Amino acid sequence: MNGLQTNNAPDSSVVIPHFVFGAINFFVLAIMIILANTNLFEAYFNNKLIAITHMAVLGWATMIVFGSLYQLIPVVFETSLYSEKLAKFTFWISAISVLFLTYSFWVGAFSTLLVYAALLMFFSLLLFVINVVLSYKKSELKNTSSKFIIVAILWLATTELVGTIIALNFKFNFLTVIHLHYLKIHATLGLIGWFLMLIIGVGSTLLPMFLISHNLKYKKLDYSFYMINAGLLGLVINWLFFKNSLFTIVFWTIIVAGILFFVSFIYESYKKRIRKKLDIGMQYSMLAILNILLPILISLVLLIGFNFKFELLSRVVILYGFSIVFGFITTLILGQTYKTLPFIIWLKKYKSLVGKVKTPLPRELYSKQIATIQFYLYLLFLVVVPIGFLLKNNSIIKVGSFSLLAVSILYNINVLKIIFHKVKNIENG
Amino acid sequence: MDKQEIAQFEINALELLKNVMDPEIEINVVDLGLIYELYYDGDKKINIVMTFSTPSCPLGETIKTNIKETIKQKYPDFTVTIDVVFHPQWNTSMVSEEGKRILGL
């Protein structure tokens, strides 16, 4: 039966380094945002902002996602990971390359370091893709969640391919069209193809499980799967070959409809939930699902155009990215860390002790108080930064940036508290 | 053991299982309604028919281990077998009044 496959779970030495490195990168990300200061108001493709974006999506989000996926693959695919050794090797290569890549962007070494960093990143992501695809091939189960995950992995490879081509172009200058055109494709593939598909795949399993809801209309996920993929494929082909604005609107509408089917699925799960009170992890997660509507609204504004001046347009584009990376992805990761990491560690420490001694509950492995303060500071960050952007007020942005720094510190404290939890004061049960 | 003694033993065993918590929902497996049947054959063999709150429960194996170990702590020379079923599907009507209070139902 699905999910009773904890015997297939990888060794925690495969999973934990991703959480530790991801958490540290979240702290580094907050520092980078503070240091970038007024660069944030410049054009959306300025080197500091691109460095911040890559630290956020690769160093922070993807790193945690990789760790979580290695843990979840046995549950969703009902098979063990193809190779734990390859997963450990991939971690080190991707950790080095994400730092190398971020540094290359930060110092603006576009025609020198960047190409090597991008190639290394491409190599590391390819190793991850190979490991997951081979695990999937071993699996006999092909359910909706595993379909989402495997397609997300393929979109990740495509995203990285386009990113590497852009990086190579900085050195060899072979593209006939301005690189910003490909940057748009690269970002869309990454955010919708990789992150959104993956989150729907994993979220459609985990969120109803944590909410404890049954008898859901799983057909909605099938609609979501086909619509988002078809829309994304159409959008990319249109941008590459036709550049037709009417087609763009049509494919955007198909993607949005697909997203709304997923939102509707989660809403149904929320309404049918048996556990009425949401814990801190699920409060974050539900907020993230609600926040998915923000980039839809902002992209609608961008689609309509409103003849924005370039300077304002640039800020709206940054807000669009912010709403996805922080409003949606980071919010969900912060929440799901509190749902998954305590269980991973709890199982590692107490699996052999259950029934024999009194064990703590998984949620007792972290400080609820710290997690709650972290939640409200993160809300402050989410509200304040967009206001600062729209008003072009650096002081307001700073309040938000320092809130994020505090959030990252509190998050790191709790993550380390969970990971370094010691079995102590055991009484007979 | 006569039938009455067996029935009393089964009640006591169920009471014992109130020490086994579902680590995610934080309610014991009996009040949660996860234990569908508990049979005692009168000769040191216990068979439990149970379910999980969701088929994809990643803690299923741990809960089963916890049940077996809890019984063995009190009855070391007993054999415990557990059958996990998903029909009928677990639902809130199976939760005890105490469980409902904790879940906020």
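Where a number appears in this text, it was derived from the coordinates with a stated rule and is not lab data. These numbers come from a predicted model, not from an experiment. A quick note on method: Cβ atoms are made from the backbone with ideal geometry, for glycine too, and the neighbour counts reach across all protein chains shown.
If the condition is being within 21 Å of the chain's Cα centre (by Cα), within 13 Å of chain B (Cβ to nearest Cβ) and farther than 15 Å from residue A:10 by Cβ, then segment A:328-356 contributes A:338, A:339, A:342. The set of residues in segment A:268-278 that are assigned to a loop (DSSP other than H, G, I, E, B) and over 17 Å from residue B:99 (Cα atoms) contains only A:272. Pairing each residue of segment A:255-276 that is in contact (Cβ under 8 Å) with a residue 24 or more places away in the chain with any residue that is among the small types (Gly, Ala, Ser) and exposed (fewer than 15 other Cβ atoms within 10 Å of the Cβ), provided the two are 6+ apart or on different chains, yields C-beta distances under 8 Å for A:275/B:104.
Considering every residue within segment A:206-219, establish whether at least one is surrounded by fewer than 19 Cβ atoms within 10 Å (Cβ to Cβ), closer than 30 Å to residue A:339 by Cβ, within 14 Å of another protein chain (Cβ to nearest Cβ) and among the polar types (S, T, N, Q). Looking for residues that are surrounded by fewer than 19 Cβ atoms within 10 Å (Cβ to Cβ), closer than 30 Å to residue A:339 by Cβ, within 14 Å of another protein chain (Cβ to nearest Cβ) and among the polar types (S, T, N, Q), one finds at least one in segment A:206-219, hence yes. In the condition set (1) closer than 26 Å to residue A:275 by Cα; (2) more than 10 Å from chain A (Cβ to nearest Cβ); (3) out of contact with any helix residue (DSSP H, G or I) (no Cβ under 9 Å at 6 or more places or on another chain), residue B:79 is compliant with all but (1).
Of all residue pairs spaced 6 or more apart or on separate chains, those with beta-carbon atoms under 8 Å, a first member in segment A:25-37 that is on the phi < 0 side of the Ramachandran plot and a second member that is surrounded by fewer than 20 Cβ atoms within 10 Å (Cβ to Cβ) and among the polar types (S, T, N, Q) are A:26/A:412; A:27/A:412.
The lone criterion from (1) in contact with a strand residue (DSSP E or B) (Cβ under 9 Å, 6 or more places away or on another chain); (2) facing chain A (nearest Cβ under 10 Å); (3) surrounded by 19 or more Cβ atoms within 10 Å (Cβ to Cβ) left unmet by residue B:17 is number (2). Screening residue A:30 against (1) under 25 Å from residue A:346 (Cβ atoms); (2) surrounded by 17 or more Cβ atoms within 10 Å (Cβ to Cβ) leaves a single unmet condition, (1). When the residues of segment A:171-185 are filtered to those that are out of contact with any helix residue (DSSP H, G or I) (no Cβ under 6 Å at 6 or more places or on another chain) and in a helix (DSSP H, G or I), the one that is farthest from residue A:45 (Cα to Cα) is A:172.
Against the test of being within 29 Å of residue A:343 (Cα to Cα) and surrounded by 18 or more Cβ atoms within 10 Å (Cβ to Cβ), the options A:285, A:264, A:224 yield a single qualifying residue, A:285.
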